[in-house]
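One structure below.
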Amino acid sequence: MFEVYSEDQLDYQTGGPREKEMLYHPSDVLQWIMPHHCLHFYYGEVDRKEGKKHTGLSHVIQTVIKKKD
């Protein structure tokens with residue numbers, strides 16, 4: 001299970017890395033998780049209150065995967 005900031009986060013200015021190279025594109029994440037069973041995938045906006053530097057509307061990628069047997 002993980003959540004990362006997407007490349008779209010640069011437009012929000014509500015936290016996370018300020019360099020595109022440190023952010024994620026959904027197609028890359030989908031490719032990485034392809035060998036596994038995807039239980040949850042979300043690419044979109046969330047409201048975060050994680051301290052002064054990570055507060056407000058943000059753009060993330062969330063995934064929960066299960067290793068295939």
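Which residues, counting only those in the range 18-46, are assigned to a loop (DSSP other than H, G, I, E, B) and closer than 10 Å to T63 by Cα? First the steps, then the outcome.
At the first step, the residues of the range 18-46 found to be assigned to a loop (DSSP other than H, G, I, E, B) are 18-19, 23, 25, 34-36.
Residues satisfying the conditions do not exist here.
Residue-by-condition table, conditions (1) among the small types (G, A, S); (2) out of contact with any helix residue (DSSP H, G or I) (no Cβ under 8 Å at 6 or more places or on another chain); (3) exposed (fewer than 15 other Cβ atoms within 10 Å of the Cβ); (4) outside any strand (DSSP E or B):
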residue	(1), (2), (3), (4)
V4	no, no, no, no
G16	yes, no, no, yes
R48	no, yes, no, no
G56	yes, yes, yes, no
I65	no, no, no, no
K68	no, yes, yes, yes
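Of the listed requirements (1) open to solvent by less than 40 Å² (accessible area, probe 1.4 Å); (2) modelled with pLDDT of 95 or more, Y42 misses just one: (1).
Taking the range 25-39 as the search range and keeping residues that are under 24 Å from D11 (Cα atoms) and of a type in the set (A, V, I, L, M), which one is least open to solvent (accessible area, probe 1.4 Å)? This residue is V29.
Of the set (1) of a type in the set (A, V, I, L, M, F, W, C); (2) closer than 13 Å to H59 by Cα; (3) open to solvent by 100 Å² or more (accessible area, probe 1.4 Å), all apply to L10 but (3).
The values are calculated or read from the model by the stated rules, or taken from the named source; none is laboratory data. Not measured: the values here are computed from a predicted model. Ideal geometry is used to build each Cβ from the backbone, glycine not excepted, and the neighbour counts take in all protein chains shown. Heavy atoms of the whole protein, side chains included, go into the accessibility calculation; ligands, DNA and RNA do not. Shrake-Rupley method; radii C 1.70, N 1.55, O 1.52, S 1.80 Å.
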